[in-house]
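Worksheet: one structure, shown below.
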Amino acid sequence: MPTIKLLTPQIQCAIVYLQIKNEVIKMSNSPFPIMAHKEAFANIDKIESMLSQWDCVWVVSDNKPDHVIMKFDEYERLYKAKDDLESLIEKEQLPKLLGAIGMQCFIQYFHNFWKNHTEGTSRTDFIKEDYSLASKRSRVSKAKKIFAKGWQGDAIILIMESNRVNIETKLQAKQLLDFMADTEIYN
């Protein structure tokens with residue numbers, strides 16, 4: 001998490017140190033006020049005045065961005081947006097995980113995979129298909145990741161929308177999703 005310094009009690013500010021290399025701000029195109037580094041940290045009152053009108057102030061040194069000073073609520077909004085984006089990017093793994101487990105396998109052994117997740121175990125003996133032990137362990141590991149990330153509901157929806165599974169598996173997926181919606185189990 002970036003360093004946070006409170007400048008005054010009147011306006012809480014977050015100073016987010018930027019690691020931007022070889023990017024020069026064109027002063028006339030900036031959507032925010034810009035201050036020179038020496039001026040910004042020598043004149044806190046001016047920063048407070050700018051922050052009463054703007055969400056943030058860019059601080060530059062040698063025409064390169066050095067710091068951004070912003071209101072704390074703006075900082076929190078940006079930090080949350082960054083987390084949301086990272087989560088969305090990470091969630092793109094879900095179809096690959098399901099493909100490696102097998103959609104029918106995930107639905108068929110959903111309760112067992114959940115039990116492994118909640119108990120912190122990696123049992124494979126419930127998988128009846130003639131897979132190698134390594135394959136069973138891989139499926140269990142990937143299923144545990146889906147549960148650890150809280151993606152089980154999304155996984156079931158993907159399975160229900162898939163053209164690669166039979167109608168029986170889709171119906172079982174629908175029943176699981178309805179059960180999850182009606183109870184606190186699996187959430």
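The values are calculated or read from the model by the stated rules, or taken from the named source; none is laboratory data. Computed from a prediction, not measured in an experiment: that's the story for all the values here. We place every Cβ from the backbone using ideal geometry, glycine too, and count neighbours over all the protein chains shown.
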Considering segment 135-151, residues that are touching a Phe, Trp or Tyr at 6+ places or on another chain (Cβ under 8 Å) and of a type outside the set (V, I, T), and then whichever is surrounded by the most Cβ atoms within 10 Å (Cβ to Cβ), we arrive at A143
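Results for (1) β-branched (V, I, T); (2) under 11 Å from the mean Cα position of the chain (by Cα); (3) assigned to a helix (DSSP H, G or I); (4) modelled with pLDDT under 95, shown as yes or no for each residue.
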| site | (1), (2), (3), (4) |
| --- | --- |
| M70 | no, no, no, yes |
| E76 | no, no, yes, yes |
| A81 | no, yes, yes, yes |
| E90 | no, yes, yes, yes |
| P95 | no, no, yes, yes |
| C105 | no, no, yes, no |
| N112 | no, no, yes, no |
- Do we have any residue at all in segment 117-127 that's part of a helix (DSSP H, G or I), surrounded by fewer than 18 Cβ atoms within 10 Å (Cβ to Cβ), free of Cβ contacts under 8 Å to residues at least 24 places away in the same chain and among the acidic types (D, E)? yes
Among (1) farther than 30 Å from I44 by Cβ; (2) modelled with pLDDT under 85; (3) of a type in the set (G, A, S), S122 falls short only on (2)
All-but-one check, S28 against (1) polar (S, T, N, Q); (2) loosely packed, with under 11 Cβ neighbours inside 10 Å; (3) modelled with pLDDT of 80 or more, failing number (3)
Quick check on segment 141-149. Is at least one of its residues charged (D, E, K, R) and at pLDDT 95 or above? yes
If we keep only residues of segment 128-167 that are assigned to a loop (DSSP other than H, G, I, E, B) and among the basic types (K, R), then the residue farthest from the chain's Cα centre (by Cα) is K128
Within segment 46-63, residues modelled with pLDDT of 75 or more, more than 16 Å from Y75 (Cα to Cα) and surrounded by fewer than 16 Cβ atoms within 10 Å (Cβ to Cβ) come out as K46, S49, S61, D62
